[in-house]
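What follows is one structure encoded as C-alpha cells, with my remarks underneath.
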Amino acid sequence: MSIKLTNQKTILPNVFVVGATRCGTTSLYQYLGEHPEIYKPPYKCAELFLTEKIDYKKARLLYNKSTDALRLDCSHYFHLESAAERIKSAVPDAKIIIGLRPAKELFLSSYIYRQNKGEIPKKLTFEEYTHTYMDKGKWYVVEHLKYDRNINFWISRFGKKNVLIFQFEELATDAPQLCKRIFKFLGVDNTFRPHIYQYNKRDSNIPRTRWLNNFVKRLPLSWRLRVKEMFPILEKIYSEVIYSKMEKAE
C-alpha cells in the first residue's frame, strides 16, 4: 500500500482513541485532555488519516501550537485497517486506545443517538432499525462490531504494549480508575484526577438548533479556530444555544 507523506515537519497526534463508536470516546477525550501533559485539540475528531493523503493542512491548524509531548486524536478509526496502516507509517510509536461495549448495548445506544439527532425516523422501532442496519450491514457501526478482526490489525501493527483496551463498563462505573490506568499506559502522572462528567449522554450533545449547528460545521476550520481563539465567549454562547447541558456523573 502506497502512503503519501507530504510534510514531515507537521506536528501530528501520537495518542489515538480510535473507538469503537458509542463507547464513551467523547467523555474520554475530555478527561484525557484535562491532563497537563496531554494536548487536546479544539475539536474532537481530527480525522487526519481517513484518506490516502494525510491531511497535513488540518494537522497544522489543530496541533502546531502544541508544546506537549503527547497529542490526542479521538477519531473513529477502529474499523479502518487502512487508517491503522497510515498511522503506523506516519507515527510508528503511536499509542492506541480502544473501547469495547456489548454489541446489543452499542447498537441500542446508536439507535437512540441517531434518532435524537434526526438521522432516522422517530417511528422506526429498534427492531426495524436492527433489521435494516445490522442484517444488511448498511451502517459503519456494523464494522465497528467486528471486534476480533479490528483489534487484531491494530495489535499486529503497534504491538500489545502500545495498545490499551478498555470496556465501556469501566468508564461508566469508575472513570477515575480507568483514567489512572490510561495515564500509566501513556507514561504521565497517573495521580492526576480529571473532572468526571458524562458527555454525549443520550440527549446530551444533541443540537437544539440543527440549522445553526450545520451552518457552523460548514465553515472552514481555520475560521472556526480563529474565532474560538479571539472570542472564547462565543464558543460558550454557541454551545449553550446549540446543545443541551451536560449532566454531571454521579
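The values are calculated or read from the model by the stated rules, or taken from the named source; none is laboratory data. Given the structure is predicted, the values throughout are model-derived calculations rather than measurements. As a convention, Cβ positions derive from the backbone with ideal geometry for all residues, glycine included, and neighbour counts pool all protein chains shown.
Consider Ile87 carefully, then state whether it is among the hydrophobic types (A, V, I, L, M, F, W, C) and not in a helix (DSSP H, G or I). Criteria not met by Ile87. Of all residues in the stretch 179-191, those that are assigned to a helix (DSSP H, G or I) and without any contact (Cβ under 8 Å) to a residue 60 or more places away in the chain total 3.
Candidates in the stretch 43-62 are the residues that are assigned to a loop (DSSP other than H, G, I, E, B) and among the hydroxyl-bearing types (Ser, Thr, Tyr); of these, the one that is modelled with the highest pLDDT is Thr51. Looking at Lys117, Lys44 in this structure, which one is basic (Lys, Arg), outside the structural domain of Gln167 (by TED's automatic domain parsing) and either surrounded by fewer than 18 Cβ atoms within 10 Å (Cβ to Cβ) or under 19 Å from the mean Cα position of the chain (by Cα) (or both)? On inspection, the qualifying residue turns out to be Lys117. The helices (runs of 4 or more DSSP H) located wholly in the stretch 98-160 that include 1 or more residues which are among the hydroxyl-bearing types (Ser, Thr, Tyr) and modelled with pLDDT of 85 or more occupy 103-116, 147-158.
Condition check ((1) of a type in the set (A, V, I, L, M, F, W, C); (2) in contact with an Asp or Glu (Cβ under 9 Å, 6 or more places away or on another chain); (3) surrounded by fewer than 16 Cβ atoms within 10 Å (Cβ to Cβ)) across all residues:
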site	(1), (2), (3)
Val18	yes, yes, no
Ser66	no, no, no
Arg71	no, no, no
Arg86	no, yes, no
Ser110	no, no, no
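May I ask you to verify whether Pro176 is within 19 Å of the chain's Cα centre (by Cα), in a loop (DSSP other than H, G, I, E, B) and at pLDDT 60 or above? Spelling it out, it is not the case that Pro176 is within 19 Å of the chain's Cα centre (by Cα), in a loop (DSSP other than H, G, I, E, B) and at pLDDT 60 or above. Do we have Glu85 as at pLDDT 95 or above, of a type in the set (D, E, K, R) and under 19 Å from the mean Cα position of the chain (by Cα) here? So Glu85 passes the test.
Within the stretch 117-129, residues that are over 16 Å from Leu106 (Cβ atoms) have Cβ atoms under 7 Å from residues that are modelled with pLDDT under 80 and surrounded by 11 or more Cβ atoms within 10 Å (Cβ to Cβ) in these pairs: Lys117/Ile206; Gly118/Arg210, counting only partners at least 6 apart in sequence or on another chain.
Can you tell me which residue among His35, His79 is modelled with pLDDT of 90 or more, closer than 22 Å to Gly187 by Cβ and in a loop (DSSP other than H, G, I, E, B)? From the options His35, His79, the qualifying one is His35.
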